[in-house]
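Engineer: Would you mind keeping the following structure in view while I ask a few things?
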Amino acid sequence: MTDVSERPPPTTGSAAPAARAMAATRPGRVVGLDGIRGLAALFVVLNHIFERAWPGYPGANHAPFWAAWMIYGRGAVVVFIALSGFSLGLGPARSGWRFKSLATYAHRRAWRILPPYWAALGFSLVMTWYVLAQPGWPVANGKSVAVYGFLVEDAFAQGHHGGFWSAGSPNRAFWSIAIEAQLYFLLPLLLLLVRRVSARAMVGMVAAIVVTIGLLGPHVPLMNSALVKFTPDLAVLFAVGLLGAGIVTADERTRSRPWAGYALAAAVPAIALMVVKGATWSNLNLFWLDLAWAPAVGCFLAAVATSRPRPVVRFLDSRLPRSLGSCSYSLYLTHMPIVIAVSYGLILGRVATGTPTFFVLAAILLPVTVCFARLFAVVFELPFQRHRGWIALRQAMSARLWRLRRTGPAVYRHALPGR
């Protein structure tokens, strides 16, 4: 989204690639964000492959150094949540930190998120009931349909507590979708705080509340319940992403700051924490590790939004990352049942645990999950992105069917022998 003080150069000759990168703040699209989404979704798949190649890691089964970094699959969720706050904040940032219409915002979020999610829920239930469920985990039941259908799995899913509404999971990747949906309800309040005080103060307030919950949670039953169920640390990432969205209307001095350098410097403490404390500590302290990554992720998004560093933005906008980004939501939603079916139904027990299993699973699952996600997105995701309501969607489908009926017989006649 181009700031008036920094317009892209002409797109002639060899300057075209640089101009494309400089268009990162052009209205309607920030170059590089789709690539970030795609790579983050692919990392989630790798993380779930890793967990089956080295079961029990980090306690019972030690992975080699080259693979150990894949244990932090939560890092992709951290990026997704911050990116969500950033993306949803771009429009309000250009409009005085206000929604042009709260009703339109609510409709667009529901229209964008729910149809693919519900379709993926149906797919996950079919895979769980009729193909293969995750061994050792409660099988999804009728209660699961209600709990997951209404996006309240973080409150009622099996593992948090017992009781009537406790439900088995048809897809363990769904937990973050519930968190994100709840953050959508929080966004109008965050925007109000930005207008009344400032974006930085808004982040400070959210962080203060979340850190208080983290410190007191183990000692206060009510806070501990919130800490376990609702992952409040991700609210800080969402707020940081919203803060970063302000870069699109910032002055030239702010936009020209070395945001990529800030991101790299902010990442050093988080990486050091993981290396020094080790995988076991990191896995048991995801709350604090997520918060440690927040400044780095926020600065990185600001860097990408200002097209810096340009080689990174060009890579993120290259064909493969953008292609993954176009189906990243579908990939996140649908990969887990496929990973379970292939891992436990075909590979585990037949291939040596560890590195051999990892490479065999990766060779099978990466192309299979991505290809399935692309097909799933064509049917259940992309139409809802292109058409903003049922009327527009029905009209587009009717037009497509009309074209197929009109061209189908002609194609068939030309395919007949002798023609």
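The values are calculated or read from the model by the stated rules, or taken from the named source; none is laboratory data. As the structure is a prediction and not an experimental result, all values here were calculated from the model. Using ideal geometry, Cβ is built from the backbone for each residue, glycine included, and neighbour counts are taken over all protein chains shown. Areas reflect the complete protein model, heavy atoms only, side chains present, ligands, DNA and RNA absent. Shrake-Rupley method; radii C 1.70, N 1.55, O 1.52, S 1.80 Å.
Engineer: Quick check, is residue 229 within 21 Å of the chain's Cα centre (by Cα), farther than 21 Å from residue 189 by Cα and surrounded by 13 or more Cβ atoms within 10 Å (Cβ to Cβ)?
Structural biologist: yes
Engineer: Being in a helix (DSSP H, G or I), under 28 Å from residue 133 (Cα atoms) and of a type outside the set (Asp, Glu) narrows it down to one residue among 365, 301, 291, 320; which is it?
Structural biologist: After ruling out the rest, the residue left standing is 365.
Engineer: Kindly establish whether residue 187 is of a type outside the set (Phe, Trp, Tyr), in a helix (DSSP H, G or I) and under 21 Å from the mean Cα position of the chain (by Cα). Steps first, please.
Structural biologist: Details: of a type outside the set (Phe, Trp, Tyr): yes; in a helix (DSSP H, G or I): yes; under 21 Å from the mean Cα position of the chain (by Cα): yes.
Yes: the conditions hold for residue 187.
Engineer: Is the stretch 59-79 home to any residue that is in contact with a Ser or Thr (Cβ under 6 Å, 6 or more places away or on another chain) and within 22 Å of residue 377 (Cβ to Cβ)?
Structural biologist: Yes, the stretch 59-79 contains a residue that is in contact with a Ser or Thr (Cβ under 6 Å, 6 or more places away or on another chain) and within 22 Å of residue 377 (Cβ to Cβ).
Engineer: Out of all the residues in the stretch 108-141, which are part of a helix (DSSP H, G or I) and without any contact (Cβ under 8 Å) to a residue 24 or more places away in the chain?
Structural biologist: Residues of the stretch 108-141 that are part of a helix (DSSP H, G or I), as a first pass: 108-130.
Those that are part of a helix (DSSP H, G or I) and without any contact (Cβ under 8 Å) to a residue 24 or more places away in the chain: 110, 114, 122, 126, 129, 130.
Engineer: Exactly one condition in (1) touching a helix residue (DSSP H, G or I) at 6+ places or on another chain (Cβ under 7 Å); (2) among the β-branched types (Val, Ile, Thr); (3) open to solvent by 70 Å² or more (accessible area, probe 1.4 Å) is false for residue 275; which is it?
Structural biologist: (1)
Engineer: So which residues in the stretch 237-246 are aliphatic (A, V, I, L, M) and open to solvent by 10 Å² or more (accessible area, probe 1.4 Å), if there are any at all?
Structural biologist: 240, 243
Engineer: Then there is this: Identify, by number, the condition in (1) under 27 Å from residue 198 (Cβ atoms); (2) open to solvent by less than 10 Å² (accessible area, probe 1.4 Å); (3) of a type outside the set (S, T, N, Q) that residue 260 doesn't meet.
Structural biologist: Of the numbered conditions (1) under 27 Å from residue 198 (Cβ atoms); (2) open to solvent by less than 10 Å² (accessible area, probe 1.4 Å); (3) of a type outside the set (S, T, N, Q), the odd one out for residue 260 is (2).
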